[in-house]
DNA sequence: AATTTTGGAGAGTATAACTATCTAATAGGG
DNA sequence: CCCTATTAGATAGTTATACTCTCCAAAATT
């Protein structure tokens, strides 16, 4: 497959594919001559994965590259790889120094995880993300009860069980990991969308008249 | 309060505050002279809200401005306002034209919402987000069973009920809305963090040895 | 033989969110 | 009242990300 065909099959402009090649996101095609290379189905699949993580998952290309580099490193076990991916797909949170509010929130996070008995590494970035959310709530003069946090945690764990249920560790490493990462990111987006839609529904029921919001209702909707 | 004090209390650089003023995110202080203005607690609160939505919620400043403009518009009811906010805090999804995969995914989304009986407007952007996730899963050659989507939906709705439970519609409009929006964004971040932590826990239990992932961890690990 | 495509490299563009500089007008301390 | 620091307001510069465009010589296609 030529680069132009790769472009047509994926819907990604040639210039962008070249950019991904330069950035090391996509492996080079097999060179057949000085100005010719051929690309395989693997390239197409990889390209689709990159676009899925970038467009749908909104992951920075640098993160995607780190993940793919790990995927291509045969030394790394499936388990480690998935762990690394879980770290890479989250945002990086800057931890402030000397901040009493932060320290308090961090204590709450740690106690919560302790109570839940979850097995997570001490340096998991998501701990910081949780702490940041709690600290910010605190700073705004708001608060969440621990009971509520537990309820959220139970819901989150139930979703996580579903997330990983379909992964088959007996599958080929390549396949299991690439699709495992894609599914983790994609299902999260689906879950977020459902969450928002549910909020709208609950909001309509709780304090809404039959006619819900509309900024300027365009006449014919795509149906 | 002078701008320098506002900066100290919020931790936001003066230059950035000026930028927010220019961009209309923060109302101007009360001018006391040609080169002097004084800022109130409301300004400080507003500034903290902006930073919370921007830093923690990763919302673009343009979105934040749109939300705040609506908050300041007394014409808009609490319900409409919250609906608008729910639209603004999600990503914008480009809808492709002429795409069979998309159309199929859209049908699944609509049928799902139909089955759930949720009351959401036909043009809710989250519908597109859900469709996009499903279409992308399809394009990668993967699939999700409808049963699983229902389970996610149930979890999402349970979380949504918690999200809105603490909002008091009898509260002052200003207070209810500003903090309602902040809480929606902040609790979502907390939920996402818990989700990731739960995934790590489940992953460790399902296909991990006692020692979970770490970028540089002891060798014992064979999957 | 003429036209198109390609790989590889570099430069240019768009957007977002700041950050820095400048000017004239104060404000506050001594 | 003088002097230094601060401020509002405006303009310009910076950084990061993700492309997008242009060029060139070689190879492929017509």
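In chain B, the longest principal axis of the Cα atoms and the axis of helix B:41-51 are about 30 degrees apart. Placing a pseudo-label 7 Å from each Cα along the Cα-to-Cβ vector at residue A:161 and residue A:37 gives an inter-label distance of 4.6 nm.
For peptide A:5-15, the mean count of partner chain Cβ atoms within 10 Å of a residue's Cβ comes to 0.
Look at where the Cα atoms of segment A:10-46 and of segment A:87-105 average out, and the two centres are 38 Å apart.
What average number of partner chain Cβ atoms lie no more than 10 Å from the Cβ of the residues making up A:114-126? Write out the running numbers ahead of the final one.
Numbers: counts 0, 0, 4, 1, 8, 10, 10, 9, 1, 2, 8, 3, 9.
Neighbouring Cβ atoms belonging to other protein chains average 5 per residue here.
Sequence-distant contacts, meaning Cα pairs under 8 Å at least 6 residues apart, place the relative contact order of segment B:9-52 at 34 percent.
Before anything else, pin down the relative contact order of segment B:95-159: Cα pairs under 8 Å, at least 6 apart, normalised by residue count, whole percent. Mind showing how you got there, number by number?
Values: 27 pairs, mean separation 27.1, N = 65.
Over segment B:95-159, the number comes to 42 percent.
Taking the average, over residues, of other Cβ atoms within 10 Å as the packing measure, peptides A:150-163, B:138-151 rank A:150-163, B:138-151 from highest down. Can you tell me which of B:89, B:76, B:67 moves the most in a GNM of chain B? Springs connect C-alpha atoms under 10 Å apart. In the Gaussian network model the winner is B:76. Between the helical axis of B:146-165 and the longest alpha-carbon principal axis of chain B there is an angle of about 30 degrees. Relative to a virtual label point 7 Å from the Cα of residue B:168 in the Cα→beta-carbon direction, which members of segment A:126-151 show backbone nitrogen distances below 14 Å? Label zone hits: A:142-143. Where only DSSP H runs of four or more residues are counted, the protein assembly as shown gives -20500 deg cm²/dmol as its mean residue ellipticity at 222 nm, each run worth -39500 (n - 2.57). By the gyration tensor of its Cα atoms, with a ≥ b ≥ c the square roots of the eigenvalues, what is the shape of segment A:87-198: rounded for a/c under 1.5, prolate for a/b over b/c, or oblate? Verdict is prolate for segment A:87-198. Between copies, the label points of residue A:13, set 7 Å from Cα on the Cα→Cβ line, lie 3.2 nm apart, reported in increasing order to one decimal in nanometres.
Per residue, the average separation of C-alpha pairs within less than 8 Å and at least 6 apart gives chain A a relative contact order of 17 percent.
For peptide A:30-40, compute the average count of partner chain beta-carbon atoms within 10 Å of each residue's beta-carbon.
Values: counts 0, 0, 0, 0, 0, 0, 0, 0, 0, 0, 0.
That average works out to 0.
If you take the Cα centroid of segment B:179-193 and the Cα centroid of segment B:116-167, the two points sit 18 Å apart. With respect to chain B, whose longest principal axis is taken over its alpha-carbon atoms, helix B:78-88 is tilted by about 60°.
Between this copy and the others, label points of residue A:1 are 5.7 nm apart in ascending order, each placed 7 angstrom from Cα in the Cβ direction.
Across identical copies of the chain, residue A:98 has label-point separations of 6.2 nm, listed in ascending order, with the point defined 7 angstrom from Cα along Cα→Cβ.
Bear in mind these aren't lab numbers, they're just calculated from the coordinates by the rules spelled out. What you see is a predicted model, and the numbers here were worked out from it, not measured in a lab. As a convention, Cβ positions derive from the backbone with ideal geometry for all residues, glycine included, and neighbour counts pool all protein chains shown.
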